[in-house]
1. What tally of residues in region 267-296 results from selecting those that are in a strand (DSSP E or B) and either exposed (fewer than 15 other Cβ atoms within 10 Å of the Cβ) or among the aromatic types (Phe, Trp, Tyr) (or both)?
2. Look at Gly250 and say whether it is in the same structural domain as His161 (by TED's automatic domain parsing), of a type outside the set (Phe, Trp, Tyr) and under 20 Å from Val300 (Cβ atoms).
3. With the requirement that a residue be in a loop (DSSP other than H, G, I, E, B) and either closer than 26 Å to Asp80 by Cα or at pLDDT 85 or above (or both), what does region 1-46 give you?
4. Confirm whether Leu248 is hydrophobic (A, V, I, L, M, F, W, C) and touching a Leu at 6+ places or on another chain (Cβ under 7 Å).
5. It is to be established whether one or more residues within region 183-193 are in a helix (DSSP H, G or I) and touching a residue at least 60 places away in the same chain (Cβ under 8 Å).
Amino acid sequence: MRELVLICPEQEAEALSDALLMAGVLSVSVEDADEDTDSEVPLYGEPGLEPKVQAWRNNRVVALLPNDLNPVETLEQVRDLGGGNYLGTQWITRDVPDQDWVGLTQGQFGPMQIAQRIWIVPSWHRDDPNLSSAIITTRKDSSDIVRIELDPGLAFGTGSHPTTHLCLEWLEANINTGQTVLDYGCGSGILAIAARMLGAGRTDAVDIDEQAVESTRYNALNNNVDVTAMLPGDLPDGRYDVVVANILSGPLKIMASMLTDRVGAGGHLVLSGILDWQAQELIDAYAPWIDLRVWKTRDVWVCLHGRKAG
C-alpha cells in the first residue's frame, strides 16, 4: 500500500481532499506543512466544534492509495473533478508498511475505571481475565460494579474525555433508584446508559445528530438497558428528576431556558463541556431559572450543578 503526498495552499485543501476521495483513495489526512517551523500556525476551536479556519496556510495532504490505484491517473481524476491540477507540481508516493491496523487501533483503547464503581470496557476486553483481576483489586465488593461495554465510534462519549468523567462521577454519587433522567446531547449514550445501570428509572436521550441517536440505541441494547433515544423534535413534553447535558458552553447558554424547564421541582441540572473560564458565564446565563454552582473540576473542565426549587 502507498501514500500520495502533495502540498497545497489553504483555499484548495478542502476541494483537493474531496476530489481525492471521489477518485477512489481510501483516506485523506491534512497536516500543517510548516509544522515545527517558525511559520507554524495553530488551528483551534471549542472542543467538539470545527475551527473557523479549515486548513493551514500550507498543507501536506496525504492520501492512502489502494494497491490498484495509479497516482498519475488519480491526479488526472482530481483535476477533472475540480480538485486542482497537481500533475505538474511536486508530489511523491511513499510505501506504507503492513500493519495490524485493527490491533493498533484497539490497543489505544483499554478498560477505564471512572470514580469508584463505573468501568468502561471495549468489546475486545470483554473476556479479558486481567480486567476481572483489576476490578477485584480496586474494589473488593465487585457485585455493585457498573460495567459499560462501549467501543470507540462516530459519536462523542467513549469515557476518556474529562467532561464525560465529571458527569459520570456526578451520576454515580447522586442518582437515586427510580429517578427519571434526560441526557441532552447524548452522543454515544454513555451517560444515559450509566444512569440506568446505576438505578435510574425512565431515561430519555436526545441528540441533534441522527448518527448519535442510532449509536445510543445500539449501545443501550448492547448493554441490556432501556433507554429511549430520539431527535429533539421527538422529545415529548415532561420534566425529569435529573437533566444532564455534556455539550459546549455556547449551545448550553442558548438552551438555558429550555433545559431548566425540563427539570422537575426539586430536580437536578448537571452541565459540562465547560472550560473553567466559561463557568461564570454559564452560571449567569442560568441565574433567572436556577442557581448553578461548580460541582467539580478536572484539568481545565468544569461540571456545574443546580437544584430547582421544590
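1. The number of residues fulfilling the criteria is 2.
2. yes
3. Step one: of region 1-46, the residues in a loop (DSSP other than H, G, I, E, B) are 1, 23-26, 33-46.
If the condition is that a residue be in a loop (DSSP other than H, G, I, E, B) and either closer than 26 Å to Asp80 by Cα or at pLDDT 85 or above (or both), then Met1, Ala23, Gly24, Val25, Leu26, Ala33 are the ones that fit.
4. Yes, satisfied.
5. Yes.
Yes or no, residue by residue, for (1) in contact with a Leu (Cβ under 7 Å, 6 or more places away or on another chain); (2) closer than 24 Å to His305 by Cα; (3) touching a residue at least 60 places away in the same chain (Cβ under 8 Å):
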site: Ala205; (1), (2), (3): no, yes, no
site: Asp209; (1), (2), (3): no, no, no
site: Ala212; (1), (2), (3): no, no, no
site: Ser215; (1), (2), (3): yes, no, yes
site: Ala220; (1), (2), (3): no, no, no
site: Asn224; (1), (2), (3): no, no, no
site: Gly233; (1), (2), (3): no, no, no
site: Asp241; (1), (2), (3): no, yes, yes
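The values are calculated or read from the model by the stated rules, or taken from the named source; none is laboratory data. The shown structure was predicted, so the numbers you read here are calculated from the model rather than taken from an experiment. Here the Cβ is made from the backbone with ideal geometry for all residues, glycine too, and neighbour counts use every protein chain on show.
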